[in-house]
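We did not get these values from a lab; they are worked out from the coordinates using the rules stated. Predicted, not measured: the structure shown is a model, and the values here were computed from it. Because the Cβ atoms are built from the backbone with ideal geometry, glycine has one as well, and the counts that use them run over all protein chains shown.
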């Protein structure tokens, strides 16, 4: 019996360790719903570190992400890899429900015993992923999948959390997405390891590819390297990815990665082999350069922060003294004798003071 785990969750853990996919599905529900004992279950499941090859797919709605993920999943299965797919769908702000369209589009894959598909609703979470997506990915690592594919809900200027969840990030655009300047505004230049222009049989695809490649050269300061920076902007610093564990000096010392811009037509399979080669090439770069380890360490640090912040919130808003201070203090804010800052300071003093007794 694992300490801190209920009899029911212990039985689930044993089935999970035995490789039962039904147990994996139930474990995900346990974590997703944050049911009692889910943290103890996660602790036990993650005691032996295992790492899958994580590939994230993001891009605007309608870019064909699900179709491309399905095509890649088939190819990975042809190479005898067990594949898990996590597809995040938006939650309705009115009903709270979600049409899990990604799962519908991938329904023909569900009968393959080597494929596991899980759709997750965002439940109001920003960043392109659901609140518990990272923990679900940890479970899939622990379960032993060789490959995990993560499809986000879509990309805006703030929906970039996929960078902290995946080893390789594939940004999928279509000719209708607009020019590369719009992509840069959305922050995609900072997160992409591979660019894909999908639906490239449509007009404007070649132009988008050209614009993206030019923008990448601008980011590296290559295209205009002899031109003085406009208003002091250093083009070479555009797109630095310090949040993912890399630094310019470290990258300069070892292998480097030149971001490819590929063209695909997902529904016909055109260009999928090139994308597979690019994913494999980026994986080799990560391993040879040591960046993979840095990304895993950065991911682990983020996971610790997530857990600490969640526990602090839970502790704070279940603390009787904090609740009394809040109830008594809000009237002072309305009357002008308090401000949110002074009340927050009193609450922190109450919380931290109680922790030292």
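Counted by neighbouring Cβ atoms within 10 Å, the residues 212, 46 run from fewest to most as 46, 212. The stretch between residue 280 and residue 311 holds 7.3 nm of extra length on full extension. This uses 0.36 nm per residue minus the Cα-Cα distance. Once you order the gyration tensor axes a ≥ b ≥ c over the Cα atoms, which shape class does the range 262-312 get: rounded for a/c under 1.5, otherwise prolate or oblate by comparing a/b with b/c? Since a/c reaches 1.5 but b/c is at least a/b, the shape of the range 262-312 is classed as oblate.
If the segment from residue 268 to residue 337 were pulled out straight at 0.36 nm per residue, it would be longer than the present Cα-Cα gap by 18.1 nm.
At an R0 of 22 angstrom, the distance between the Cβ atoms of residue 256 and residue 146 translates into a FRET efficiency of 0.25. Considering only alpha-carbon pairs that sit under 8 angstrom and 6 or more positions apart, the relative contact order computed for the range 1-46 is 44 percent. Over all orientations, the range 1-46 has a Cα convex hull whose mean projected area works out to 2.8 square nanometres.
Once the Cα-Cα distance is subtracted from the 0.36 nm per residue extended length, the residue 293 to residue 8 segment shows a gain of 99.0 nm.
Put simply, when 325-337, 140-152, 18-30 are sorted by average Cβ atoms within 10 angstrom per residue, most first, you get 140-152, 18-30, 325-337.
Taking the average, over residues, of other Cβ atoms within 10 Å as the packing measure, peptides 310-321, 270-281, 54-65 rank 54-65, 270-281, 310-321 from highest down.
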